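Presented below is the structure to which this report refers.
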Amino acid sequence: MAFEAASSPSSAQSLPKKNDVFISFRGEDTRSNFTSHLYDAFCRKHIRTYIDYQLDKGDEIAPSLLQAIEDSYVSVVVFSKNYASSRWCLDELTHILHCRRVQGQTVVPVFYKVEPSHVRNQTGVYKQAFESDLKVDQHKMDMWKQALNEAANLAGHDSHTFR
């Protein structure tokens with residue numbers, strides 16, 4: 001995968017971003033395998049990459065992660081089996097897509113052992129996630145479903161077609 005720091009429409013008028021890439025992922029699924037290898041590959045290429053274990057101890061998680069998203073040129077979203085079962089991942093995705101619309105941030109989806117159509121249409125394990133414990137109001141649920149659909153319609157990478 002080749003990534004370059006993307007220029008946002010307002011980047012010429014604002015300060016440089018702290019990160020080239022922000023990685024969004026479900027820790028229990030990919031932290032110790034795919035995501036750690038992706039992070040290492042970016043670092044070897046001297047691509048400034050933010051991953052959640054860079055949080056300073058004592059920082060509030062939500063504001064720090066949302067700021068890290070805003071401070072990145074590119075967000076790589078690693079969709080995995082349990083991504084949609086995390087309210088936090090879904091809120092993070094919604095914020096990433098907001099930054100795409102407002103700041104021109106580049107968003108690259110990676111479908112790790114899940115079908116892109118399951119993400120796009122909330123079928124398979126993604127349907128099961130929405131039928132489980134995600135107790136939220138209908139408006140928030142609709143926002144999450146729309147965000148999954150929007151992200152899955154972006155050009156990305158599918159682990160079934162890449163080694």
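The values are calculated or read from the model by the stated rules, or taken from the named source; none is laboratory data. Just so it is clear, the structure is predicted and the values come from calculations on it, not from any experiment. Note: ideal-geometry Cβ built from the backbone for every residue, glycine included; neighbour counts use all protein chains shown.
Filtering Val78, Val102 for residues that are more than 15 Å from Trp144 (Cα to Cα), at pLDDT 95 or above, assigned to a strand (DSSP E or B) and out of contact with any Asp or Glu (no Cβ under 7 Å at 6 or more places or on another chain) leaves a single hit, Val78. Restricted to the range 1-51, and to residues that are within 19 Å of Lys81 (Cα to Cα) and of a type in the set (Asp, Glu), which residue is modelled with the lowest pLDDT? Top of the filtered list is Glu28. When Thr123 is tested against (1) free of Cβ contacts under 8 Å to residues at least 12 places away in the same chain; (2) of a type in the set (Ser, Thr, Tyr); (3) closer than 12 Å to Ala151 by Cβ, exactly one condition is not met: (3). The residue that is modelled with the highest pLDDT, counting only those in the range 52-75 that are more than 21 Å from Val102 (Cβ to Cβ) and assigned to a helix (DSSP H, G or I), is Asp52.
Within the range 129-154, the residues that satisfy the criterion of being without any contact (Cβ under 8 Å) to a residue 12 or more places away in the chain, farther than 12 Å from Arg87 by Cα and part of a helix (DSSP H, G or I) are Glu131, Gln138, His139, Asp142, Gln146. Within the range 105-128, the residues that satisfy the criterion of being assigned to a loop (DSSP other than H, G, I, E, B) and crowded, with 16+ Cβ neighbours inside 10 Å are Gln105, Tyr112, Val114, Glu115, Gln122. When His157 is tested against the conditions (1) buried (at least 17 other Cβ atoms within 10 Å of the Cβ); (2) under 17 Å from the mean Cα position of the chain (by Cα), the lone failure is (1).
When you look at His139, is it at pLDDT below 90, farther than 25 Å from Ala68 by Cα and not small (Gly, Ala, Ser), yes or no? It is false that His139 is at pLDDT below 90, farther than 25 Å from Ala68 by Cα and not small (Gly, Ala, Ser).
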